[in-house]
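Below is one structure; the comments refer to it alone.
The values are calculated or read from the model by the stated rules, or taken from the named source; none is laboratory data. On a predicted model such as this, the values are computed, not experimentally measured, just so you know. Virtual Cβ from ideal backbone geometry, glycine too; neighbours counted across all protein chains shown.
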Amino acid sequence: MKILAYIVSVVVAATLIIAGTFALALTQPRGTSPWLTLIVSVAMSSLVIAPLLVGSLTAYWNVTRSEEGRRAFRRWFIGVVAVDAAAAVVFTVGEVMAGGPGWLIALIIAVAAALMITACFAGRTLLRFEEQRGMAETPTWVPLPTSVIARKVSAVVVTFVIGLVAGVILVIVFAAILGRAVDGRLLLSAAGLAFLAATFACILVTLPLNRRLRASVGADFGLLRKVGKVVLANRPLALNDAESVAATKYAHVLSITLPFQLGYLVLLYIGIGLTNVQLLFTGDSDGLPLIVLGFLAATLVGVVPYLLIRIRRAQRCAHEHPVVAAAVA
């Protein structure tokens with residue numbers, strides 16, 4: 001049920017973003033700056049993504065089980081709403097500057113507000129549905145074997161190779177149909193397809209790991225925040241016996257999950273980057289691909305070291321408590 005709801009929510013969000021982007025493009029006057037259109041589109045996308053984040057978190061984590069969880073969720077929710085409100089302001093001001101119709105501004109803001117209200121109720125309803133039917137019971141916990149990790153890595157690598165071969169074949173067929181030579185631009189498309197396919201595979205293989213991560217802290221958002229501070233921020237917080245066991249489980253699973261998250265990020269950004277490099281060859285891109293490439297590079301420079309630090313801390317914590325991690329259930 002929850003997986004179906006998540007798929008539906010992603011499809012709906014993607015559909016709304018695409019439809020909104022087309023509506024903006026069709027209603028803005030000719031000659032509108034592409035930069036202004038980009039800013040308005042990003043702000044509009046944020047209005048759709050924020051409710052998705054709220055619904056996903058409240059459906060996956062119990063944010064009311066503990067006082068710590070309620071406090072943490074309030075702070076997090078206030079932050080999301082603040083960003084959402086800022087996006088609404090940017091969207092409205094940008095669309096007015098672009099000369100877009102007022103009815104479209106009102107419609108998109110109303111849809112975003114309705115999505116946020118729906119997400120607040122739907123997420124907790126799904127979690128209650130799962131708990132009432134015993135679907136959220138924590139299974140017996142055991143450390144993840146190295147062989148399982150190796151199979152997950154192999155699945156990503158094999159997917160990349162298959163995606164690359166399939167992409168090259170498609171490029172050759174496409175070039176033959178159009179009577180074109182297979183050039184570097186077409187080969188970049190094949191490589192981009194391979195990286196995006198590997199990104200999708202990375203997401204799929206981490207789904208079971210995310211469920212184990214959730215089970216390690218009993219789906220308690222407050223406990224998640226607390227042990228996260230101990231494992232990832234090296235904060236000397238006092239933990240009772242149950243919390244110490246949870247922290248050890250969390251560190252063990254996170255030390256495996258985080259490298260896959262890093263791999264997902266790098267693969268995704270390389271795939272998007274290759275697409276934008278390909279656009280540079282068209283000659284009529286208005287410099288936007290260079291901006292996107294600069295943004296991707298700056299993000300990787302900032303995020304990759306941050307994730308590497310978190311990976312090292314989680315692995316160190318798991319290594320320091322191997323006996324406990326192997327013994328708890």
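For the reader, a short list of remarks on this structure follows.
- Meets criteria (on the phi < 0 side of the Ramachandran plot and at pLDDT below 80) for residue 255: no
- Number of residues in the range 96-126 that are among the small types (Gly, Ala, Ser) and not in a helix (DSSP H, G or I): the value is 2.
- Which listed residue, of 228, 222, 192, is over 25 Å from residue 146 (Cβ atoms), out of contact with any Lys or Arg (no Cβ under 8 Å at 6 or more places or on another chain) and not aliphatic (A, V, I, L, M): 192
- Of all residue pairs spaced 6 or more apart or on separate chains, those with beta-carbon atoms under 6 Å, a first member in the range 44-71 that is at pLDDT 85 or above and a second member that is among the hydroxyl-bearing types (Ser, Thr, Tyr) are 52/9; 70/64.
- Checked against (1) modelled with pLDDT of 85 or more; (2) surrounded by fewer than 18 Cβ atoms within 10 Å (Cβ to Cβ), residue 225 passes all but a single condition, namely (2).
- When the range 53-93 is limited to residues that are more than 29 Å from residue 22 (Cβ to Cβ) and among the β-branched types (Val, Ile, Thr), the one that is surrounded by the fewest Cβ atoms within 10 Å (Cβ to Cβ) turns out to be 78.
- The range 303-321, residues that are within 18 Å of residue 264 (Cβ to Cβ) and of a type in the set (A, V, I, L, M, F, W, C): 303, 304, 307, 308, 309, 311, 314
- Residue check for residue 85: more than 20 Å from residue 128 (Cα to Cα) and modelled with pLDDT under 80: no
- Identity of the residue in the range 234-281, hydrophobic (A, V, I, L, M, F, W, C) and free of Cβ contacts under 8 Å to residues at least 24 places away in the same chain, that ends up surrounded by the fewest Cβ atoms within 10 Å (Cβ to Cβ): 238
- Count - residues of the range 7-52 that are of a type in the set (Phe, Trp, Tyr) and surrounded by 12 or more Cβ atoms within 10 Å (Cβ to Cβ): 1
- Residue, surrounded by the most Cβ atoms within 10 Å (Cβ to Cβ), within the range 201-221, restricted to residues that are touching a residue at least 60 places away in the same chain (Cβ under 8 Å) and within 29 Å of residue 160 (Cβ to Cβ): 202
- Of everything in the range 183-199 that is farther than 18 Å from residue 153 by Cβ and small (Gly, Ala, Ser), the residue that is modelled with the lowest pLDDT is 184.
- Residue 90 being assigned by TED's automatic domain parsing to the domain that holds residue 36, at pLDDT 85 or above, part of a helix (DSSP H, G or I) and under 20 Å from the mean Cα position of the chain (by Cα): no
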